[in-house]
Amino acid sequence: MSIAKNLTQIKSQLPAHVTLVAVSKTKPVSDLMEAYNTGQRIFGENKIQEMTDKWEQMPKDIEWHMIGHVQTNKVKFMAEYVSLIHGVDSLKLLQEINKQAKKHNRVIDCLLQIHIAEEETKFGLDEEELNHILTSDDYNNLENIRIVGLMGMATFTENQNQIEKEFNHLKTIFDKLNTIPFTQKLKPNILSMGMSGDYQLAISCGSTMVRIGSSIFGTRNQKNEKI
């Protein structure tokens, strides 16, 4: 099947309230343009340099989402254009995003990444660390970022019960976050969870944003890399 057919089929299965991020990392601009010409406008990358190269070459009505782990020294390269940063997992990173956003007179939307998987290799905050950030004076002083929700990655396993448990755990934290009064910098309406192999389960657990790559663009050459 073509990228256009894959994309059309997936979109036809998504509820209206769920946003699709087409994960285009490692894929050439020609593949992204096929998706773009089918109507896709939100693309997710996990390397800032690759995302910047594509941003420079492609139409400017695209929303670019940074979905990978972010190093603070690389934030400056995407601060001018990035629409949403998914993997924010520290106050230090939030502060750097705020600093670089200010230089471009922007407010950058961010998702706080919560660690829900059993694998130690996954990045993310626990619930206590999340609460600590949101109640800190340092966070309150940030004026160029906005927390618009949470992101999480389930354990890479065939055990659907475990994945469902982890998704439900993240949804519980998300629901608690929504009991806090909204402010200019806290408007948590996005719950980003679910990838090619588990997005339908994620949606049933409350996801409002799914990150799908291989089911649209085909598998990549990298060993053991799936999204």
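Numbers below:
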read-out	value
Qualifying residue in region 165-185 (condition: assigned to a strand (DSSP E or B) and modelled with pLDDT under 95)	yes
Top-ranked residue in region 110-129 [being in a loop (DSSP other than H, G, I, E, B) and touching a strand residue (DSSP E or B) at 6+ places or on another chain (Cβ under 8 Å); ranked as farthest from F174 (Cα to Cα)]	F123
Selected residue [among the charged types (D, E, K, R), in contact with a Lys or Arg (Cβ under 7 Å, 6 or more places away or on another chain) and either at pLDDT 95 or above or at negative phi (or both)] from E63, E96, E80, E56	E63
Tally of residues being among the aliphatic types (A, V, I, L, M), under 16 Å from D109 (Cα atoms) and surrounded by fewer than 22 Cβ atoms within 10 Å (Cβ to Cβ) across region 49-74	1
Condition broken by H104, with the remaining ones in (1) over 30 Å from H132 (Cα atoms); (2) exposed (fewer than 15 other Cβ atoms within 10 Å of the Cβ) satisfied	(1)
Residue identified as buried (at least 17 other Cβ atoms within 10 Å of the Cβ) and either out of contact with any Pro (no Cβ under 9 Å at 6 or more places or on another chain) or at pLDDT 95 or above (or both) among D126, D109	D109
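The values are calculated or read from the model by the stated rules, or taken from the named source; none is laboratory data. Bear in mind the structure is a predicted one, so any value in this text is a computation, not a measurement. Neighbour counts run over all protein chains shown; Cβ positions are idealised from the backbone, glycine included.
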